[in-house]
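Below is one structure; the comments refer to it alone.
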Amino acid sequence: MLQRNLSSFSSRFMSWLSVQLGLILFLVFLIGCGEQKEQLNVFTWANYVNEEIRTGFEKEYGVTVIVDTYGSNEDLLTKLSAGATGYDIIMPSDYMVTRMIHQNLLAELNRSNIPNFQNLSPVYLDKYFDPKNKYSVPYTFGTAGIAYDSSVVSPAPDSWSVLWDEKYKNKFSLLDDPRETPGVALKLLGYSINTTDLEQLGQAKEKLLEQKPLVKQYKSEAEELLIAGDVVMAHCWSGDAFRAADQKPNIRYVIPKEGSSQFIDNVCIPKDAPNKELAEKFIDYLLRPEINAKITVFTKYGTCVEGAKEHLPEALQKHEYIYPSAEVIKTLERIKDPGEFLQQYDRVWEEVKAK
Ligand code: SPD
């Protein structure tokens with residue numbers, strides 16, 4: 001009798017225990033589900049998406065945003081072509097958008113998920129690199145030039161030739177970029193930044209080889225070098241020069257008289273992005289005028305969102321680093337996709353760096 005009671009007690013206890021265990025497992029599962037946030041993976045240039053923008057989006061949408069950086073359009077292309085999956089947002093420049101469209105690397109944007117597209121100024125839309133903006137949304141624009149410490153570099157430079165002056169040996173840097181840096185030598189020689197003439201590109205290579213013993217570093221994140229005082233001159237992009245000048249007021253920026261490059265950087269979604277809908281929400285968020293103004297305040301590049309201007313401090317609404325004079329604009333070229341000839345630029349750049 002006692003034995004029967006004991007065995008019925010133990011079987012009731014066991015079934016009670018399994019119900020409790022089941023409940024605990026269910027609770028753990030629910031908690032786990034609650035913590036599993038959606039993730040947005042952004043691959044962009046250094047100092048292009050700041051903490052305030054990143055965490056603002058995270059809080060509003062209850063998601064996690066991871067930001068990873070690259071130093072040149074070609075680095076981005078190499079990673080994507082090699083099958084780097086996992087990125088939801090990338091920010092290629094104009095000519096690289098063309099190339100990525102041709103290589104079938106970009107997703108078509110669903111405009112109905114991006115209502116703030118209408119905030120963009122038509123000046124930056126329907127450009128040669130994506131005529132109907134099917135794949136790209138303009139993010140910022142700027143130029144390449146020379147940033148210099150005016151308390152050391154005298155007289156103020158006005159030509160790319162200053163980067164061949166022995167006086168500045170080991171005191172300057174150039175962009176680590178297979179189009180921009182051969183572009184400097186091409187401009188100095190009086191050629192187009194988009195040449196597809198092997199003879200001209202060969203001359204540019206010789207010029208860069210002649211200059212190499214004087215160069216402290218090839219680095220695209222020039223702002224850090226300027227602020228640290230590692231260099232007194234840097235071939236760099238306008239916003240980065242402007243950001244350095246914010247920290248070191250002696251820094252000035254000049255677009256050399258031979259001319260230079262200008263660019264529009266764009267927000268795109270890779271074809272195999274894991275989270276396209278979230279990426280479109282992020283693009284829409286970037287196009288809100290007050291958010292876009294914060295991007296300009298941080299990056300110091302131009303805004304493509306018309307209504308953002310009224311949220312900007314006056315200095316950023318008109319500054320010559322962002323809006324060069326009409327005379328300077330005439331000397332600027334936009335880098336274009338040279339098709340197969342890109343290999344030649346890549347080869348020249350590799351040879352210069354390897355020497
Ligand atoms: N720190 C942000 C730098 C952005 C530069 N993009 C410009 C590329 C032009 N070829």
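Along the charge dipole of the range 123-178, which of Ser136, Pro157, Leu174 sits closest to the positive end, that is, farthest toward it, with unit charges on the beta carbon of Lys, Arg, Asp and Glu (+1, +1, -1, -1)? So the residue furthest toward the plus end is Ser136. Distance from the Cα centroid of the range 306-355 to that of the range 53-72 is 25 Å (rounded to whole angstrom). Of Val352, Ile264, Ile329, which is farthest towards the positive pole of the range 260-355's charge dipole, taken about the Cα centre with +1 and -1 on the beta-carbons of Lys, Arg and Asp, Glu respectively? With unit charges placed on the Cβ atoms, the residue in question is Val352.
When only the Cβ of Lys, Arg, Asp and Glu is charged (+1, +1, -1, -1), the dipole of the range 83-209 relative to its Cα centre reaches about 140 debye. Across the range 254-265, coupling constants 3J(HN,Hα) worked out from phi with the 6.51/-1.76/1.60 Karplus curve, θ = phi - 60°, read 9, 9, x, 4, 6, x, 7, 9, 10, 9, 10, 8 Hz, and Gly and Pro carry x. Computed from the C-beta positions of Tyr128 and Asp346 and an R0 of 25 Å, the FRET efficiency is 0.65 to the nearest 0.05. Rounded to the nearest 20, the Cβ-based charge dipole of the range 130-180 about its Cα centre (Lys and Arg +1, Asp and Glu -1) stands at 180 debye. Rounded, prolate or oblate: pick one for the range 138-278, where a ≥ b ≥ c are the square roots of the eigenvalues of its C-alpha gyration tensor, a/c under 1.5 means rounded, and failing that, prolate if a/b is larger than b/c, else oblate. Because a/c hits 1.5 or more and a/b fails to exceed b/c, the range 138-278 counts as oblate.
Summing +1 for each Lys or Arg and -1 for each Asp or Glu, what net charge is found among the other residues whose Cβ lies under 11 Å from the Cβ of Leu105? Cβ neighbours under 11 Å give a net charge of +2.
Report relative contact order for the chain in percent, whole number only (criteria: Cα-Cα under 8 Å, sequence separation at least 6). Relative CO of the chain lands at 25 percent. Couplings 3J(HN,Hα) for the range 268-275, derived from phi with the Karplus relation 6.51 cos²θ - 1.76 cosθ + 1.60 (θ = phi - 60°), are 9, 10, x, 3, 9, 4, x, 9 Hz, where x marks Gly and Pro. Charge dipole (Cα centre; +1 on Lys/Arg Cβ, -1 on Asp/Glu Cβ; no other charges) of the chain amounts to roughly 660 debye. Ordering Leu287, Ala228, Val297 by Cα displacement along the dipole of the range 209-355 toward the positive end leaves Ala228 in first place; charges were set at the Cβ atoms of Lys, Arg (+1) and Asp, Glu (-1). List the residue ranges in the chain for DSSP H helices whose C-alpha atoms run 27 angstrom or more along the long axis and whose Kyte-Doolittle average is 0.5 or above. Span-like helices, by this rule, are 2-35.
Read-outs throughout are calculated quantities, based only on the coordinates presented, and are distinct from any laboratory measurement. Note that the structure is predicted; figures quoted are calculated from it, not measured. FYI the Cβ positions are ideal-geometry reconstructions off the backbone, even for glycines, and counts take in every protein chain you see.
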